[in-house]
1. Would you check if residue 376 is surrounded by fewer than 14 Cβ atoms within 10 Å (Cβ to Cβ) and within 22 Å of the chain's Cα centre (by Cα)?
2. Residue by residue through region 108-137, note down the ones that are within 23 Å of residue 168 (Cβ to Cβ), surrounded by fewer than 22 Cβ atoms within 10 Å (Cβ to Cβ) and either free of Cβ contacts under 8 Å to residues at least 40 places away in the same chain or away from ligand 2 (no atom under 16 Å from the Cβ) (or both).
3. Suppose we filter region 184-209 for residues that are loosely packed, with under 14 Cβ neighbours inside 10 Å, in contact with a strand residue (DSSP E or B) (Cβ under 9 Å, 6 or more places away or on another chain) and without any contact (Cβ under 8 Å) to a residue 60 or more places away in the chain; how many remain?
4. Can you pull out the helices (runs of 4 or more DSSP H) entirely within region 43-136 that have at least 1 residues that are closer than 24 Å to residue 388 by Cα and modelled with pLDDT of 95 or more?
5. Report, by residue number, each residue of region 357-372 that is in contact with a strand residue (DSSP E or B) (Cβ under 9 Å, 6 or more places away or on another chain) and either free of Cβ contacts under 8 Å to residues at least 60 places away in the same chain or surrounded by fewer than 18 Cβ atoms within 10 Å (Cβ to Cβ) (or both).
6. Kindly indicate whether residue 32 is away from ligand 2 (no atom under 16 Å from the Cβ), within 21 Å of the chain's Cα centre (by Cα) and in a loop (DSSP other than H, G, I, E, B).
7. Scan (1) farther than 17 Å from residue 231 by Cα; (2) in contact with a strand residue (DSSP E or B) (Cβ under 9 Å, 6 or more places away or on another chain) for the single condition residue 19 breaks and write down its number.
Ligand code: GP9
Ligand code: MN
């Protein structure tokens, strides 16, 4: 009957982070372009593979005056992979521990970022050249209030333009920007890339660097497809500039989840030149995150430990949209109240001092096992975070919440029973 919402609401309200008014609204009114970087992990950024630079364009962005780059940013997805990352970004809630929430709870009420931006006059859409029903997206996007889904039918897949899972990212970005030129402004577009996806195949003409030389063909090819992804992002920026959309847009990009699983630890150890302990495995869950605001001149590397759940409040605040009444669990990374505490969907967690993985507490600095007391206070809190999120989703509790006023609609709900 929604009564669980009282406790959840108390928790959310007491963990809320005030916006930082030095950056609040600095992207107000701009088009919003959010790019999901398929399977991109931080271990390839600003690194080389056998002397080859893997992500030259993204490396430049990490040093760019208009870009905030987050090297200590983690994915928080579960079995729902890409769709879980979408869920987190849209709702500021965790995905579920079991199946993909896009399948299990697509009938719920949500107060998505999309819905909020609809309310600000944005034309909201998702662009992804795959069948619309993959991950149940067509159904879930209705629940998230997405105005239009540009699925595979909105793209022309010419001969030689498809590889691996479908349309290559370069033609995908070109055609997506073409669509943007026709959109009502301002728009909020989420673009979901695809080429850097397992099993990481590329046509020869798109192989811009050689493969790696380990016993894992998967890891060997991954560097090549990551290199291609980097090239495709460069094309996105060029196209936005060519079409006059760049200056009026804010571009947020994040890795959706890991691409290289623990099955490739031996090859990964060869590349990283260190043993893949549970500590290293947790650190390998870092995915790059960029916030690019043309002309802002405020860019810097933000070392803050943060995660995908922080994207929604951070972005909304940059757009000048308040979130003080939102039922979200992340926090604005620019806020003084933002806490360096990232919870993975499986219960592992990372703070600025420790990494908790495999039931062992590690010193974040050294990667060595440290005394359990250093992690102890966080173990219960990590479980609590996930539990509150699950409670909201499993109980469809946003039905009983008025995000305009912050009122709980519990009495009303009880009456109608
Ligand atoms: C499928 C694409 C990839 O449309 O989002 O999904 P993933 O396997 O990464 O979840
Ligand atoms: Mn994915």
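1. No.
2. Let us first name the residues in region 108-137 that are within 23 Å of residue 168 (Cβ to Cβ), namely 125-135, 137.
Still in the running and surrounded by fewer than 22 Cβ atoms within 10 Å (Cβ to Cβ): 130-134.
Matches in region 108-137: 131, 132, 133, 134.
3. Within region 184-209, residues that are loosely packed, with under 14 Cβ neighbours inside 10 Å, in contact with a strand residue (DSSP E or B) (Cβ under 9 Å, 6 or more places away or on another chain) and without any contact (Cβ under 8 Å) to a residue 60 or more places away in the chain number 1.
4. Details: elements: 56-62, 81-91, 101-104, 113-119.
In region 43-136, 81-91, 101-104, 113-119 are the helices (runs of 4 or more DSSP H) which contain 1 or more residues that are closer than 24 Å to residue 388 by Cα and modelled with pLDDT of 95 or more.
5. Scanning region 357-372 gives 360, 361, 363, 364, 367, 368, 369, 370, 371, 372.
6. In short, no.
7. Failing condition for residue 19: (2).
Yes or no, residue by residue, for (1) out of contact with any strand residue (DSSP E or B) (no Cβ under 6 Å at 6 or more places or on another chain); (2) more than 30 Å from residue 1 (Cα to Cα):
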residue: 325; (1), (2): yes, no
residue: 337; (1), (2): yes, yes
residue: 345; (1), (2): yes, no
residue: 374; (1), (2): no, yes
residue: 394; (1), (2): yes, no
residue: 398; (1), (2): yes, no
residue: 405; (1), (2): yes, no
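The values are calculated or read from the model by the stated rules, or taken from the named source; none is laboratory data. Computed from a predicted model, the values in this text were never measured in an experiment. Counting neighbours? That spans all protein chains shown, and the Cβs are built from the backbone with ideal geometry, glycine included.
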